[in-house]
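First up is the structure itself, then whatever we jot down about it.
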Amino acid sequence: MTINKLSGLRLQNYQPLRDVVFEHLRNAILNGDLSPSERLMEVQIAEQLGVSRTPVREAIRKLELEGLVVMIARKGAYVADVSVKDILDVLEVRSVLEGLAAYLAAERMTDEELEELELISYNFKRCLENKDTDGMIEKDMQFHDRILRSTRNRKLIQIAQGLQEQVQRFRITYFVEYNELKGVLADHQEILEAIANRDAEKAQQVAQKHIDELENTIVKFADKKKKE
């Protein structure tokens, strides 16, 4: 279990301590610092974070409501597993939303935002060349988030970002272990070019294809893990 101390985050954020602990643990789960099926020990977490057990207990209950933690009778709290079926279900929905986001981005993205997207794509390439996995994960998220925010559709942003978080835990694993990242780079470039050309229909098509290819990658990844 790897959890960093809170270091005065409550004072900085002006939030109740239980909410700060919740966000801290939630991020640790989404980022892979807390692994699927790992047990969450209230006393140990409280000591590591430098807080009492009460905000930890309250945070774990909130995480259970979000589906990130499961409570097992007479055993305690555990980080919830992420099944391949769960991820594929999310990606089916995300394919449609990403296509819509790219379509709207081609119509609404400003020149300044387009330059930012180009820089993100360039930095993803640099991370790929340097085999910087953490950097690739970060730039991939930034790429999709930049497109999403340029739609200026608050409802679309809210729904799509929620789905992205659900994929994040699995993304960490396949970025580390599956070697088809040049295809991700090529997809990013194709999406970028369609948006730059203000070709909304093309942008929608290639963005959906990108997510569909991700589904295929995850299926291959799952089959590979079964055979190991």
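Values computed for the structure shown
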{"item": "Alpha carbon convex hull of the range 11-78, volume per residue in cubic angstrom", "result": "89"}
{"item": "LYS182/GLU23 FRET efficiency (R0 30 Å; Cβ-Cβ; nearest 0.05)", "result": "0.30"}
{"item": "Full-stretch length increase - ARG126, MET71 - with 0.36 nm per residue and alpha-carbon distance subtracted", "result": "15.6 nm"}
{"item": "Exposure of GLU193 as accessible area (Å², to 10), given a probe of 1.4 Å and all protein chains", "result": "100"}
{"item": "Distance in nm between pseudo-label sites at SER83 and SER37 (7 Å out along the Cβ direction from Cα)", "result": "1.5"}
{"item": "Mean Cβ count within 10 Å, highest first, over the residues of peptides 76-88, 110-122", "result": "76-88, 110-122"}
{"item": "Net lengthening on full extension, GLN189/GLU113 (0.36 nm per residue, minus Cα-Cα)", "result": "25.8 nm"}
{"item": "Nearest 10 degrees, 0 to 90: helix 17-30 Cα axis against the chain principal axis", "result": "50"}
{"item": "Shape category assigned to the chain from the gyration tensor of Cα positions, a/c cut at 1.5", "result": "prolate"}
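The values are calculated or read from the model by the stated rules, or taken from the named source; none is laboratory data. All of these numbers come straight from a predicted model, not from anything done at the bench. Glycine gets a Cβ as well: all are built from the backbone with ideal geometry, and neighbour counts include every protein chain shown. Heavy atoms of the whole protein, side chains included, go into the accessibility calculation; ligands, DNA and RNA do not. Shrake-Rupley method; radii C 1.70, N 1.55, O 1.52, S 1.80 Å.
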